[in-house]
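So the structure is just underneath, and the comments pick up after that.
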Amino acid sequence: MELASKYNPAEVEDKWYQYWLDNGFFHSTPDEREPYTIVIPPPNVTGVLHMGHMLNNTIQDVLVRRARMEGKNACWVPGTDHASIATEAKVVARLAEQGIKKSDLTREEFLKHAWDWTHEHGGIILEQLKKLGASCDWDRTAFTMDEIRSESVIKVFCDLYEKGLIYRGVRMVNWDPKALTAISDEEVDHKEVHGKLYYLRYRIEGEDGYAVVATTRPETIMGDTAMCIHPDNPKTAHLKGKKVIVPLINRAIPVIEDDYVDMEFGTGCLKVTPAHDVNDYVLGEKHNLPSIDIFNDNGTLNEHGEMYAGMDRFDVRKKIVLDLEEAGLMEKMEDYTNKVGYSERTNVPIEPKLSMQWFLKMEELAKPALENVENDTIKFHPEKYKNTYRHWMENIKDWNISRQLWWGHRIPAYYLPEGGFVVGETKEIAYEKALKMVDYPLTMDDLRQDEDALDTWFSSWLWPISVFDGINNPDNEDIKYYYPTSDLVTGPDIIFFWVARMIMSGYEYRNEECFKNVYFTGIVRDKIGRKMSKSLGNSPDPIELMEQYGADGVRMGMLLTAPAGNDLLYEDSLCEQGRNFNNKIWNAFRLVKGWDVADVEQSEAAKIAIKWFDIQLSKTLLEVDDLFKKYRLSEALMAVYKLFWDEFSSWYLEMIKPAYQQPIDRETYNATLGFFDSLLKILHPFMPFITEELWQALETRKDGESIMVELMPKAKPVDEKLIAGFEKVKEIIAGVRTVRLQKNIPNKEELKLQIIGAHNSGFDAVITKLCNLESIENTTEKSADAVAFMVGTTEYAVPMGSLLNAEEEIEKMEDEIVYLEGFLQSVMKKLNNERFVQNAKPEIVENERKKQADAESKIASLKESIKGMRG
């Protein structure tokens, strides 16, 4: 293969992705190998790729490709989520553009529009993942509302209902007035809001005085059914047993006593609105208070809102404040900051509301799920998330699983004409059950199915099981082979919505863990730490990034700064670094393939280089293995990056490079291609496209061969002594190069090297080649005109002879002595200070002593050099 002079990702990526697909390399079926399974966190079916997806799916692909190259049967299951709230909102918005209201349509008509939208926009994100190089088994693509997954969800609902774990009841829920549905506690974001605290006057019935109540929500006074005081508060004792009049609407309500009231807050009087506040609801239940719901589902006030009926809740707040002031019923207003719950989906303030909903009891389900994370059957990476998980699981509340939406899995409960309901997987099954329950004539048409849909998470909590059809067919070959899955890669923001619930469903339906490890990615932020969002305009388009830097460049950019669980501060320079690395690999490959090969003798330097790099490669392989076991992927990539950039390109290739217009010997050339083969394999999981392109060009390949199904190279025993010896050699070479640089001696000028002290001559051929030396000699005394440097305790000296202007050199050395003596003085000041020596950490004191010894050694060496030059 003829390689282009510059790497062009556009010419390479689609070609190899298609080749992988054509050869079925991503597809997995059960066999005798060890399985390695990952299920994708299903993105919204109508979503498009964002930077969070890029990070998450790059990590998954790295893990899957590596497992494949370790000889495992790797299976990465892709799929999408029907995303009830988000999708329904988009469909409603599109209908509104056409002048159609959801309320004008039947459920069936609306669902047809929703399916049209899904077919039109669905799957775009999966096509975009292919651009990234994602090696998913596309034949297994699942959708949370496809036939198998839908059947699974309904089956599980019926099963949990039969077990007594699902119940229906009126409870205080978080109501989203924009999405027009209840949402779970986990879908509420609590944000600090700068608002007002309003002090309202409630006239005491039959008296002239007032009781004053502080509230942030004056618009809810029409729902007040009591005022509450603390029984032991002397400030409010005069109100005991009395009634007060609700401002503006002049309705009398009782004063009740409860130690729930915080005596220090506000005035010590609390308005009780059981229908619109969670704590008030509890008080209402305890004191048997009536409950007045003043809101319509869309956040406007209903007929109980009296003169404000039909107005939006926030417009009422503005108006009622003016009305209260005008009536002399507003004592005062203060600036006040409090936490307000916002719907995570629609970003509007939620409304606590009493509503008939379906709930799943969580207490029993949570026990094995907590225990098996605590005992590390399921390991969290990083481990810090165990604390977050534990706290939530120990304080778990029942899960509100019903949503007042049409797009989603419809609840399989059927109401009977004379009261009561039955639950069944199909209407036919429900009808059979109903006939056994009633003693009056009943047709199937008499059954009315519940209008609500299930929470989207109620389908995705089954994902690791349902993608293998393990709910409907619990003993099928796939679920027995691929489950439990190996790793889950996800964000910590859905630890409760998804991770915890999957773990619960795993123990409930398979009696074992659903995955062995959870890798929590950080959140992708911009370089100043803000979360990426469309509204801030700080989120780059991943497809455009891949067009600019290549998929491998972007993958590498995302991974270089993505330690597990820590946020990633993204900037384009990361992808630029990735692209530069691609170019480095490409150019190194072209350099090697451009050499002429001949049957000439192998040089001593090349022999040493091959022996050293072989060990260096094994050392990195072991390090990378260890880092992967600890899920430290960023560091693993950095180790491979350094191996290629520093050890291979900067050192190895320089050591073996033939002289200008000279051939390379065959043995060294073949060894170098062998190293390139290993390097490409180690790099492949991180950078699949460029590695496939170069591996194919390394030698003649047959159709159907690919680097992605090759085995990862194995590490050999590591000779640490040789590695350490070579690190010294690097210091010697760097020292000679520094002398050249400081003294402006051209590289083509041969130098001599004198050694005073212990030295391993086994690497001399390399030092001679890389420093362009005419000789290396051991001596007890260096030349008078030599420039010296230390490596450890050994002194190395380069005689200057006619290469230098003596006076200029002496002047430079004297200046350096002055600087070093000043530096030494500052070090000695610390070391002569008894308090410093006694109180500082031993390693800090040791470091200062090392500075002292280094400075004294350099000063002595410089003085000796000056003395020698002056004769």
Q: From (1) open to solvent by less than 70 Å² (accessible area, probe 1.4 Å); (2) more than 50 Å from the chain's Cα centre (by Cα), pick out the condition that doesn't hold for VAL766.
A: (2)
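Yes or no, residue by residue, for (1) surrounded by fewer than 19 Cβ atoms within 10 Å (Cβ to Cβ); (2) farther than 27 Å from GLU285 by Cα:
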residue: LYS353; (1), (2): no, no
residue: LYS384; (1), (2): yes, yes
residue: HIS409; (1), (2): no, yes
residue: PRO412; (1), (2): no, yes
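Could you list, in sequence order, all residues of segment 272-300 that are of a type in the set (A, V, I, L, M) and in a loop (DSSP other than H, G, I, E, B)?
Of the residues in segment 272-300, the ones of a type in the set (A, V, I, L, M) are 272, 275, 278, 282-283, 289, 292, 294.
Correct list: ALA275, LEU289, ILE292, ILE294.
Which of the following residues is modelled with pLDDT of 95 or more and touching a Gly at 6+ places or on another chain (Cβ under 7 Å): VAL272, VAL321?
Details: VAL321 fails: touching a Gly at 6+ places or on another chain (Cβ under 7 Å).
When all the criteria are applied, what remains is VAL272.
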(Q) Need pairs with beta-carbon distance below 8 Å; first residue closer than 20 Å to LEU753 by Cα and free of Cβ contacts under 8 Å to residues at least 60 places away in the same chain and within segment 798-827, second basic (Lys, Arg) and not in a helix (DSSP H, G or I); sequence gap 6+ or separate chains. (A) PRO799/LYS752; PRO799/LYS782; MET800/LYS743
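For residues that are hydroxyl-bearing (Ser, Thr, Tyr), touching a His at 6+ places or on another chain (Cβ under 7 Å) and not in a helix (DSSP H, G or I), tally how many sit in segment 123-160.
Our first condition is that a residue be hydroxyl-bearing (Ser, Thr, Tyr); within segment 123-160, this holds for 135, 141, 144, 150, 152.
Okay, now just the ones that are also touching a His at 6+ places or on another chain (Cβ under 7 Å), so 144, 150.
Those left that are additionally not in a helix (DSSP H, G or I): 144.
Qualifying residue count, segment 123-160: 1.
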Q. Given the residues LYS743, LYS716, LYS681, LYS728, which is the only one that is among the basic types (Lys, Arg) and out of contact with any helix residue (DSSP H, G or I) (no Cβ under 7 Å at 6 or more places or on another chain)?
A. LYS728
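For the structure I just gave you, tell me whether LEU637 is assigned to a helix (DSSP H, G or I) and closer than 28 Å to LYS131 by Cβ.
On the way: assigned to a helix (DSSP H, G or I): yes; closer than 28 Å to LYS131 by Cβ: yes.
Answer is yes for this residue.
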(Q) Against the definition (more than 19 Å from ILE494 (Cα to Cα), touching a Pro at 6+ places or on another chain (Cβ under 8 Å) and either surrounded by 14 or more Cβ atoms within 10 Å (Cβ to Cβ) or not hydrophobic (A, V, I, L, M, F, W, C) (or both)), how does LEU329 come out, yes or no? (A) yes
Q.
From the list ILE221, ILE249, ILE253, exactly one residue is of a type in the set (Val, Ile, Thr), under 51 Å from the mean Cα position of the chain (by Cα) and over 30 Å from ILE494 (Cα atoms). Which is it?
A. ILE221
Q. Inside segment 650-672, can you point out the residues that are touching a residue at least 60 places away in the same chain (Cβ under 8 Å), open to solvent by 30 Å² or more (accessible area, probe 1.4 Å) and among the aliphatic types (A, V, I, L, M)?
A. none
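Looking only at strands (runs of 3 or more DSSP E) that fall completely inside segment 332-417, which ones have 3 or more residues that are under 30 Å from GLU108 (Cα atoms) and among the hydrophobic types (A, V, I, L, M, F, W, C)? If you could, list the steps in order and put the result at the bottom.
On the way: elements: 351-360, 379-381, 413-415.
Fully inside segment 332-417 and qualifying: 351-360.
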Q) Looking only at strands (runs of 3 or more DSSP E) that fall completely inside segment 182-262, which ones have 2 or more residues that are crowded, with 17+ Cβ neighbours inside 10 Å and of a type in the set (D, E, K, R)? A) 188-204
Q. Are there any pairs, at least 6 apart or on different chains, whose C-beta atoms fall under 6 Å, with the first in segment 32-57 and in contact (Cβ under 8 Å) with a residue 40 or more places away in the chain and the second buried (at least 19 other Cβ atoms within 10 Å of the Cβ) and aromatic (Phe, Trp, Tyr), and if so, which?
A. PRO35/TYR482; THR37/TYR482; ILE38/TRP76; VAL39/TRP463
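I need the full set of residues from segment 330-359 which are of a type in the set (A, V, I, L, M) and in contact with a Leu (Cβ under 6 Å, 6 or more places away or on another chain), in order please. Please lay out each step first, then the result.
The initial filter retains those residues of segment 330-359 that are of a type in the set (A, V, I, L, M), namely 330, 333, 340, 348, 350, 354, 356.
Within segment 330-359, MET330 is the sole residue that qualifies.
Starting from residues that are more than 22 Å from ILE465 (Cα to Cα) and surrounded by 22 or more Cβ atoms within 10 Å (Cβ to Cβ), keep the ones in segment 69-88 and report whichever is farthest from the chain's Cα centre (by Cα).
First, the residues of segment 69-88 that are more than 22 Å from ILE465 (Cα to Cα): 69-71, 85-88.
Filter once more, keeping what is surrounded by 22 or more Cβ atoms within 10 Å (Cβ to Cβ): 85, 87-88.
Working: ILE85: 23, THR87: 24, GLU88: 27 Å.
In this case the residue turns out to be GLU88.
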Q: Look through segment 706-731, keep the residues that are open to solvent by 60 Å² or more (accessible area, probe 1.4 Å), outside any helix (DSSP H, G or I) and not acidic (Asp, Glu), and return whichever of them is farthest from ALA4 (Cα to Cα).
A: PRO717
**Q.** Unique match (being modelled with pLDDT of 95 or more and within 19 Å of the chain's Cα centre (by Cα)) among LEU21, LEU55, LEU63
**A.** LEU63
Q: Name every residue in segment 1-29 that is surrounded by 15 or more Cβ atoms within 10 Å (Cβ to Cβ), closer than 19 Å to PRO464 by Cα and not hydroxyl-bearing (Ser, Thr, Tyr), in order of residue number.
A: PHE26
Q) Which of the residues spanning segment 686-717 are in contact (Cβ under 8 Å) with a residue 40 or more places away in the chain and either among the small types (Gly, Ala, Ser) or more than 20 Å from GLU11 (Cα to Cα) (or both)? A) ALA697, GLY704, SER706, VAL709, GLU710, LEU711, MET712, PRO713, LYS714, ALA715, LYS716, PRO717
Q. Consider MET504 against the criteria (1) crowded, with 17+ Cβ neighbours inside 10 Å; (2) assigned to a loop (DSSP other than H, G, I, E, B): it satisfies all of them except one. Which criterion is unmet?
A. (2)
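Go over the candidates ALA252, ALA327 one by one and state the one that is among the small types (Gly, Ala, Ser), touching an Asp or Glu at 6+ places or on another chain (Cβ under 7 Å) and either touching a residue at least 24 places away in the same chain (Cβ under 8 Å) or closer than 22 Å to GLU192 by Cα (or both). Spell out the reasoning first.
Values: ALA327 fails: touching an Asp or Glu at 6+ places or on another chain (Cβ under 7 Å).
Just a single option satisfies the conditions, and that option is ALA252.
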Q) Which pairs do you get when a residue that is of a type in the set (A, V, I, L, M), found in segment 123-143, comes within reach of a residue that is part of a loop (DSSP other than H, G, I, E, B) and open to solvent by 30 Å² or more (accessible area, probe 1.4 Å), reach meaning Cβ atoms under 7 angstrom, with the pair 6+ apart or on two chains? A) ILE124/VAL48; ILE125/VAL48; LEU126/THR141
Q: Scan segment 828-862 for residues that are open to solvent by 100 Å² or more (accessible area, probe 1.4 Å), in contact (Cβ under 8 Å) with a residue 12 or more places away in the chain and either among the acidic types (Asp, Glu) or within 26 Å of ILE810 (Cα to Cα) (or both) and report the count.
A: 1
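Under the condition of being touching a helix residue (DSSP H, G or I) at 6+ places or on another chain (Cβ under 8 Å) and not in a loop (DSSP other than H, G, I, E, B), which residue from segment 97-120 is surrounded by the most Cβ atoms within 10 Å (Cβ to Cβ)? Steps first, please.
As a first pass, look at segment 97-120 and keep what is touching a helix residue (DSSP H, G or I) at 6+ places or on another chain (Cβ under 8 Å): 101-102, 105, 110, 113-114, 117-118.
Subsequent filtering for residues that are not in a loop (DSSP other than H, G, I, E, B) retains 102, 110, 113-114, 117-118.
Details: LYS102: 16, PHE110: 21, HIS113: 19, ALA114: 25, TRP117: 19, THR118: 21.
In this case the residue turns out to be ALA114.
Quick one: which of ASP703, ASP646, ASP614 is more than 29 Å from ASN772 (Cα to Cα), open to solvent by 30 Å² or more (accessible area, probe 1.4 Å) and not polar (S, T, N, Q)? Explain how you work it out, then say what you get.
Details: ASP646 fails: more than 29 Å from ASN772 (Cα to Cα); ASP614 fails: more than 29 Å from ASN772 (Cα to Cα).
Step by step, each of ASP703, ASP646, ASP614 is checked, and only ASP703 is more than 29 Å from ASN772 (Cα to Cα), open to solvent by 30 Å² or more (accessible area, probe 1.4 Å) and not polar (S, T, N, Q).
Specify which of the listed residues (GLY133, GLY123, GLY164) is out of contact with any Ser or Thr (no Cβ under 9 Å at 6 or more places or on another chain) and either of a type in the set (Gly, Ala, Ser) or crowded, with 19+ Cβ neighbours inside 10 Å (or both).
Values: GLY133 fails: out of contact with any Ser or Thr (no Cβ under 9 Å at 6 or more places or on another chain); GLY123 fails: out of contact with any Ser or Thr (no Cβ under 9 Å at 6 or more places or on another chain).
Of the residues listed, the single one that is out of contact with any Ser or Thr (no Cβ under 9 Å at 6 or more places or on another chain) and either of a type in the set (Gly, Ala, Ser) or crowded, with 19+ Cβ neighbours inside 10 Å (or both) is GLY164.
The values are calculated or read from the model by the stated rules, or taken from the named source; none is laboratory data. Keep in mind that this is a model prediction, so the values were computed, not measured. Cβ coordinates were reconstructed from backbone atoms using ideal geometry, including for glycine residues, and neighbour counts include every protein chain displayed. Accessible surface areas use protein heavy atoms only, side chains included; no ligands, DNA or RNA. Shrake-Rupley method; radii C 1.70, N 1.55, O 1.52, S 1.80 Å.
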